[in-house]
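Each value in this text was obtained by applying a stated rule to the coordinates, not by laboratory testing. All of these numbers come straight from a predicted model, not from anything done at the bench. Neighbour counts run over all protein chains shown; Cβ positions are idealised from the backbone, glycine included.
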Amino acid sequence: MVEVVLETQNLTKRYGDFVAVNNLNLVLGSGQVFGLLGPNGAGKTTSILMLLGLTEPTSGFVRVLGLDPTRNPLAVKARVGYLPDQIGFYDELTARENLGYIARLNGISRPEAKRRIEAALERMGLAEVAEKRVRTFSRGMRQRLGLAELLLKQPRIIIMDEPTLGLDPEAARDFLNLIRELKNDNITVLLSSHMLHQVQAVCDRVGLFHKGVMVLEGSVPELARNVLGGAYRIHVQAESRNGDVEHALQGLPGVLAVQRPAASQYVVEAAHDLRAEAAQAVIQAGGRLAALDMAEPSLDDIYTRYFQEVQHGARN
Amino acid sequence: MALATETLRPARVREGSPWTGLWAVVAKDMADHLTSTRMRILELLIVLTAVGTVFAATENLRDTVGQDRFLFLRLFTTGQEPLPAFIGFLSFLVPLLAIGLAFDAINGEFNRRTMSRVLAQPIYRDALLLGKFLAGLFTLSLVLTAIWLLIIGMGILRLGVPPGGEEVGRLLFFLLATIFYGGIWLGVALLCSTVFRQTATAALTALAVWLFFIIFWGMLANLAARTLAPVQLGTPQEIIAQVETSQALARLSPNTLYVEATIGLLNPSTRSFGLVLPTQLQGALLGAPLPLDQSLILIWPQLTALIAITILLFALSYVIFQRQEIRA
Ligand SMILES: Nc1ncnc2c1ncn2[C@@H]1O[C@H](COP(=O)(O)OP(=O)(O)O)[C@@H](O)[C@H]1O
Ligand SMILES: [Mg+2]
């Protein structure tokens, strides 16, 4: 069993009567990447602020590396790196000077800081612009500078709030790849995002937030199995003269449901990989198979489906 | 709302020194101040004023070299029409400098969105706030000390005599009083920067407070004294009571405190502020200068009040800052 590095129990934050975070229970193991996902206003940032001790919880408790962030904030903050959602730097200072200030605040000795800053800038691909003022930096560069700052602290845990916000798709992908690499250093990562599909690939586990409550928690395939019923969704494109193809697909063992979003398109939900069987069934039913492809279950689908079911009273 | 829940909570013991990281903040902010354009402009303004007024003063003082024991004090207090003396300018320039140093101390960090990044480092808010205050105070001290040395240097060059021991002593205390006077306005600006998120609002509010005390407080003190201690029969006791009330109220203004402290230090023959009754002067040699220690006893209340107000303002900023949620 992996070591638990971050744990919350019934963590709650109220603003007056408004419950921003409701009884959050979270356990993060060492080296995991956890995604705190949900739409804007769901309570992600509030949860993160409580984990860091930047906001006091109304009730419940937090343990970060076995420490209480409200009692022992300095020890927690020395071991946890935080990348806020709207990250700002001292624009009139250079990238290196900005990192230098953070190093001094962390009490890192001068030669050690110099070495770490160099390494962090190099790793984030910012070595060439180290002497440039941050004012001239693009959003993507700022984000990477933020990550360089985290690396400089050599934290055990990194917490990132909406790290891909405002990045173009390519920059977002690059950034997520950098996050993946942190896993190799055995750093635990907790990131929040409202772009479910964007981050699902990097997360080992995700927690889906809705109005302050973490409604679903687990790995993406697990959630897909629980919520979508089938973990596999096979997209089939085929011409058929009569309704035979749909019928044939439905008849396959292991198929849970078949949807027909367009005249020649079918979506097969299956308990296991049925691609070969589906192809065979289409041809046997006299259909002309044009394409067949298995989609990864998408978190957006899971989220949408979950709330459809909640509304229809299928759950609770 | 959030305040209510947080005050009800029993105070928990924090661990680790509240001053961790203090000097990192002081060093960073002082470096910012000393390189900022804003400070360059204000420093230039002060240097020009100092050179101008001292130049004018030495023109006047040359004739009295050798006769006046307190020649160097006069450098600061002598004006030449239409130019007022340097201390007259100081009571304007020091608040301006101090407000310029601190009006965006806290809200500036919020606006640049650096606050949450800084507070995510192992540092308490205490250290951040005190660091910002000290950076301002040290910068102010540095600038004022430089000006002070400049004036004394100019005096030595233009008058051809060195200052005496007592003169240097009095001038040192004068420098100290000026720094603490600046400390008050630093405290006002810091408080404004904690309360208002807009830096422009904070700057204007701090300036408004300053103008209020410079222009209106004296008048208000007079008006209030008339209602608090009315003169109905016109007896001397009533008149004295009214003047004393007015004076006590005026002393709530940092300007009054500073001006009185300055007069006591730079004008050695000052024996008391305000009304002097004949009985108080019995046995005193009129016009004879007091020794430095006597002058210090005279202005001690003013000096301590300047320091106390500064501490009070800082404490208020501290309480407000501790309760702010850091979301930016
Ligand atoms: N200081 C506050 N006072 C009252 N409500 C707040 C405060 N801060 C946040 N909220 C509310 O708490 C909810 C959760 O906010 P947040 O955690 O920022 O959401 P997310 O990060 O998931 O977008 C929002 O509805 C927001 O309006
Ligand atoms: Mg948020």
Review point. Once every DSSP H run of n ≥ 4 in chain A is given -39500 (n - 2.57) and the sum is divided by its residues, what mean residue ellipticity at 222 nm do you get, rounded to the nearest 500 deg cm²/dmol?
Key: -10500 deg cm²/dmol
Practice item. Count the DSSP beta bridges whose two residues both fall in segment A:1-158, then state the antiparallel fraction as a percent rounded to the nearest 5. Key: 90 percent
Practice item. Compute the Rg/Rh shape ratio of segment A:175-316: radius of gyration over Kirkwood radius, all on alpha-carbon atoms. Key: 1.06
Revision key, fill the gap. Percent antiparallel among DSSP beta bridges confined to the protein assembly as shown, nearest 5, equals 70 percent
Exercise for review: Calculate, in whole percent, how much of the Cα-Cα pair population of the protein assembly as shown lies beyond 37 Å.
Suggested key: 54 percent
Exercise for review: Would you please name the trypsin sites (Lys or Arg not before Pro) within segment B:50-150 that are DSSP coil residues with at most 14 other C-beta atoms within 10 Å of their C-beta?
Suggested key: B:ARG69
Check your understanding: HN-Hα J couplings of segment B:48-58 from phi, Karplus 6.51/-1.76/1.60, θ = phi - 60°, integer Hz, Gly and Pro as x?
Key -> 4, 4, 4, 4, x, 5, 5, 4, 5, 5, 5
Practice item. Return the FRET efficiency for the residue pair B:THR37, B:ILE311: r is the Cβ-Cβ distance, R0 is 45 Å, and the value is rounded to the nearest 0.05. Key: 0.90
Exercise for review: Give the Rg (one decimal place) followed by the Dmax (whole number) of segment B:135-232, computed from C-alpha coordinates and expressed in Å.
Suggested key: 19.3, 57
Check your understanding: If you count the DSSP beta bridges with both ends in chain A, what percent of them are antiparallel, to the nearest 5?
Key -> 70 percent
Study note, to complete from the structure: Residue-normalised 222 nm signal for chain B, counting each DSSP H run of n ≥ 4 as -39,500 (n - 2.57), nearest 500 deg cm²/dmol, is -23500 deg cm²/dmol
Review point. Which of the listed residues, B:PHE76, B:LEU119, B:ILE156, is farthest toward the dipole's positive end in segment B:36-188, when Lys, Arg count +1 and Asp, Glu count -1 at the beta-carbon?
Key: B:LEU119
Practice item. Read phi for every residue in segment A:210-220 and hand back ³J(HN,Hα) as whole Hz from Karplus 6.51 cos²θ - 1.76 cosθ + 1.60, θ = phi - 60°, with x for Gly and Pro. Key: 8, 6, x, 10, 7, 7, 9, 8, x, 7, 4
Revision key, fill the gap. Correct semi-axes for segment B:1-153, from √(5λ) of the alpha-carbon gyration tensor and rounded to whole Å with the largest first, are 44, 15, 14
Revision key, fill the gap. Once amide hydrogens are built 1.01 Å from N within the peptide plane, the residues lying 5 or more places from B:ARG113 or on another chain with amide H under 5 Å from its amide H are none
**Study point:** Relative compactness, chain B, computed as alpha-carbon Rg over 2.2 N^0.38 Å
**Key:** 1.14
Check your understanding: According to the Cα gyration tensor, what semi-axes, each the square root of 5 times an eigenvalue, does the equivalent ellipsoid of segment A:1-145 have, listed from largest to smallest in whole Å?
Key -> 32, 18, 14
Check your understanding: How big is the convex hull of the Cα atoms of segment B:177-328, per residue, in Å³?
Key -> 130 Å³
**Study point:** Average partner coverage of B:108-118, which counts Cβ from other chains inside 10 Å
**Key:** 5
Review point. Rounded to the nearest 20 Debye, what is the dipole magnitude of the protein assembly as shown about its Cα centre when Lys and Arg each give +1 and Asp and Glu each give -1 at the C-beta?
Key: 500 debye
Point to revise | Calculated FRET efficiency for the pair B:SER17/A:ASN25, C-beta based, R₀ 30 Å, to 0.05 | key: 0.35
Check your understanding: Can you give the extra length, in nm with one decimal, that the chain gains between A:ASP204 and A:GLN311 once fully stretched, where that is 0.36 nm per residue apart less the Cα-Cα distance?
Key -> 35.7 nm
Check your understanding: Under 30 Å Cα-Cα from A:LYS114, which lysines qualify once same-chain neighbours fewer than 8 residues away are excluded?
Key -> A:LYS77, A:LYS132, A:LYS153, A:LYS183, B:LYS28, B:LYS132
Check your understanding: Any idea what the dipole of segment A:156-284 comes to, in debye rounded to 20, about its Cα centre with Lys/Arg Cβ at +1 and Asp/Glu Cβ at -1?
Key -> 220 debye
Review point. Can you pull the Kirkwood radius for chain A, inverse mean 1/r over Cα pairs, to one decimal in Å?
Key: 21.9 Å
Review point. To the nearest 0.05, what FRET efficiency results for A:ASP293 and A:ASN184 with a Förster distance of 25 Å applied to their C-beta separation?
Key: 0.20
Review point. Tell me, what HN-Hα J-couplings in whole Hz come from the Karplus equation 6.51 cos²θ - 1.76 cosθ + 1.60 at θ = phi - 60° for each residue of segment A:193-198, using x for Gly and Pro?
Key: 6, 9, 9, 4, 5, 5
**Study point:** Dipole of the protein assembly as shown [Lys/Arg +1, Asp/Glu -1 at C-beta], most positive-end residue of B:LEU233, B:LEU290, B:PHE174
**Key:** B:LEU290
Point to revise | Qualifying GluC sites (Glu not before Pro) for segment A:117-225 [loop in DSSP, other Cβ within 10 Å: at most 10] | key: A:GLU131
**Study point:** Reach of A:LYS44 by Cα under 18 Å, taken over lysines that are not fewer than 8 positions away in the same chain
**Key:** A:LYS13, A:LYS211
